[in-house]
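The values are calculated or read from the model by the stated rules, or taken from the named source; none is laboratory data. In this text the structure is predicted, and so the values were computed from the model without any measurement. Note: ideal-geometry Cβ built from the backbone for every residue, glycine included; neighbour counts use all protein chains shown. These area figures cover heavy atoms from the full protein model, side chains too; ligands, DNA and RNA do not enter into them. Shrake-Rupley method; radii C 1.70, N 1.55, O 1.52, S 1.80 Å.
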Amino acid sequence: MSDEGPKLVPAGEAAPEEPRLVAAPQEGEPMSETAAEIEELEVDAPRVGILMGSKSDLPAMEKAELELTERGISSETRVMSAHREPDIVADYARNAKLRGLRVIIAGAGLSAALPGVVAAHTELPVIGVPLTSRTSVAGGLDALLSIAQMPPGVPVACVGVDNARNAAVLAARILSA
Ligand code: RP5
């Protein structure tokens, strides 16, 4: 609204139209690019991304999905390896926030780079789940140290070995904080 007060309009002339403060297009008007993008966003987009480095991690990681489902928290589950598919992991992490995800849970075994690589490409909180696998050493201590020993400035929260359920509980607490 102008602070100059109402404008005088000479008799017989139509009053100038006030600018409309309406973001949405009127019927028949073309939709702006931004409005179209917003409309395309899924209303029930997943809040938590559950990632794992291999299909062999699924028996341990599905406990995270189960826990989130029981709590009514939407999630999506993806298999992608930081070592075997580094570009896919980077793309996923870079787009995660824009897609509406709020927390990422990432489980991996052995050298377990997945949680750290995801954290390098997103500012979302990342919870790492160290996993045992056929060739683990020291009962999964290899993965535990790989996930927990991140350099300063790139944090990854780390739950216990094979404890994907705790990762989901922590994700729920982050979402409700
Ligand atoms: C890691 O290597 C995976 O997270 C998995 O725990 C481990 C073994 O993977 P596979 O050889 O079973 O595919 O990257």
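Annotations
- Restricted to region 72-86, and to residues there that are surrounded by fewer than 19 Cβ atoms within 10 Å (Cβ to Cβ) and not polar (S, T, N, Q), the residue that is farthest from the ligand (Cβ to nearest atom) is Gly72.
- Residues in region 146-168 that are closer than 26 Å to Thr69 by Cα, surrounded by 16 or more Cβ atoms within 10 Å (Cβ to Cβ) and either within 16 Å of the ligand (Cβ to nearest atom) or under 17 Å from the mean Cα position of the chain (by Cα) (or both): Ile147, Val156, Ala157, Cys158, Val159, Val161, Asp162, Asn163, Ala164, Ala167, Ala168.
- Pairs are defined by a Cβ separation below 6 Å, a sequence spacing of at least 6 or placement on different chains, a first member in region 146-173 that is part of a strand (DSSP E or B), and a second member that is of a type in the set (A, V, I, L, M) and open to solvent by 20 Å² or more (accessible area, probe 1.4 Å); the pairs so defined are Cys158/Ala148.
- Residues located in region 46-62, provided they are surrounded by fewer than 19 Cβ atoms within 10 Å (Cβ to Cβ) and either part of a helix (DSSP H, G or I) or modelled with pLDDT under 95 (or both): Lys55, Ser56, Leu58, Pro59, Glu62
- Restricting region 103-118 to residues that are more than 7 Å from the ligand (Cβ to nearest atom), aliphatic (A, V, I, L, M) and in a helix (DSSP H, G or I), the residue that is nearest to Arg173 (Cα to Cα) is Val118.
- Cβ-Cβ distances below 7 Å connect the following pairs, each with a first residue in region 127-145 that is within 12 Å of the ligand (Cβ to nearest atom), a second residue that is acidic (Asp, Glu), and a separation of six or more residues or different chains: Leu131/Asp57; Leu131/Asp162; Thr132/Asp162; Ser136/Asp142; Gly140/Asp162.
- Lone unmet requirement of (1) in a helix (DSSP H, G or I); (2) open to solvent by less than 30 Å² (accessible area, probe 1.4 Å); (3) at positive phi for Val89: (3)
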